[in-house]
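Worksheet: the structure to be examined is printed underneath.
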Amino acid sequence: MTLEEIKIKVYSLIEEYNEDADDLTEDTDLATKMNSVINQVQNEVSRIKKIPEYKTIEVIKDQEISLTDIDANIYQLNLIKDVDYDLNCNIVHFNESGLARIYYYKYPKQINNETDDSYKFELSNDVLEIMPYGIAGDLLKSDVSSNYGKIYSDRYMQLLQQLDPRYSLGSIYIEGGID
């Protein structure tokens with residue numbers, strides 16, 4: 001899904017969509033806030049349904065790297081395979097040389113006012129379908145004349161609670177059976 005498609009979903013939801021307007025809406029206040037609110041919500045949901053990433057790097061014994069050396073946008077280390085290592089806070093110490101397969105989660109690309117509407121989100125479809133409610137709730141929360149901000153925020157929180165953060169189910173195979 002693109003940034004423009006998210007904007008259309010949000011503006012349609014809050015009945016502010018105008019396909020003929022330059023910013024897809026005639027409400028300049030909403031258009032001004034839109035990208036920063038989308039960015040805030042995407043960062044929030046990406047900490048629940050994380051964005052997996054994978055990288056291999058050649059390491060040598062006693063080498064130490066910080067997690068941000070793996071990726072500047074790293075959110076959380078998941079696992080390192082094929083080399084022995086120790087992890088202390090955000091420093092990885094490699095106890096042997098070899099090719100390290102590093103699995104981690106990252107923050108999405110940050111969206112600002114310069115981000116093109118053709119930007120394609122890195123998030124999964126289930127998260128992208130929930131985001132418009134959070135965006136609408138944040139856009140309308142300061143509108144005291146109506147309660148729509150709270151209604152959309154409540155729906156967003158309800159949908160977040162139903163979100164399955166897993167990408168797969170784990171499985172175990174016991175060879176030889178159980179005695």
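The values are calculated or read from the model by the stated rules, or taken from the named source; none is laboratory data. In this text, all values refer to a predicted model and were calculated from it rather than measured experimentally. All Cβ positions, even for glycine, are placed from backbone atoms using ideal geometry, and neighbour counts span all protein chains on display. Just the protein is used for accessible areas: all its heavy atoms, side chains included, with ligands, DNA and RNA removed. Shrake-Rupley method; radii C 1.70, N 1.55, O 1.52, S 1.80 Å.
Of the peptides 5-15, 109-119, 28-38, the ranking by mean beta-carbon count within 10 Å, highest at the top, reads 5-15, 28-38, 109-119.
For the chain, the longest principal axis of the C-alpha atoms and the axis of helix 3-13 are separated by about 50°. Lys141 contributes an accessible area of around 140 Å² to the protein surface, as traced by a 1.4 Å probe with all chains present.
Computed over protein heavy atoms with a 1.4 Å probe, the carbon and sulfur contribution to the accessible area of the range 21-82 reaches 41%. Calculated FRET efficiency, Glu19 to Glu114, Cβ-Cβ distance, R0 = 25 Å: about 0.65 to the nearest 0.05. With every protein chain in place and a 1.4 angstrom probe, the accessible-area ranking of Asp20, Asp27, largest first, reads Asp20, Asp27. Calculated accessible area for the chain comes out at 62 Å² per residue, all protein chains present (probe 1.4 Å; ligands, DNA, RNA ignored). Look at the alpha carbon pairs under 8 Å that are at least 6 residues apart: their mean separation over the length of the chain gives a relative contact order of 26 percent.
If the chain linking Asp164 and Asn43 were pulled fully straight, counting 0.36 nm for each residue of separation and taking away their Cα-Cα distance, it would gain 41.9 nm.
What label, among (1) 49; (2) 53; (3) 37, belongs to percent of Cα pairs over 25 Å apart computed from the structure on display? Structure-derived value, by its label: (1). Pairs from the list Lys33/Lys141; Lys50/Lys109; Lys9/Lys120; Lys109/Lys141; Lys61/Lys106 with a Cα-Cα gap above 19 Å: Lys109/Lys141; Lys61/Lys106.
Take each peptide in 126-139, 83-96, count the other Cβ atoms within 10 Å of every residue, and average; sorted highest first, the result is 126-139, 83-96.
Here the Karplus curve 6.51 cos²θ - 1.76 cosθ + 1.60, taken at θ = phi - 60°, turns the phi angles of the range 82-87 into couplings of 6, 9, 7, 8, 10, 10 Hz, with x standing for Gly and Pro. Along the range 29-42 the Karplus relation, 6.51 cos²θ - 1.76 cosθ + 1.60 evaluated at θ = phi - 60°, assigns HN-Hα couplings of 5, 5, 4, 5, 8, 3, 4, 5, 5, 4, 4, 4, 5, 5 Hz to successive residues, with x for each Gly and Pro.
The Cα atoms of the range 107-179 give a gyration tensor whose axes a ≥ b ≥ c have a/c of 1.5 or more with a/b no greater than b/c, which makes the shape oblate. The relative contact order of the range 69-126, computed from alpha carbon pairs under 8 Å that lie at least 6 residues apart in sequence, is 35 percent.
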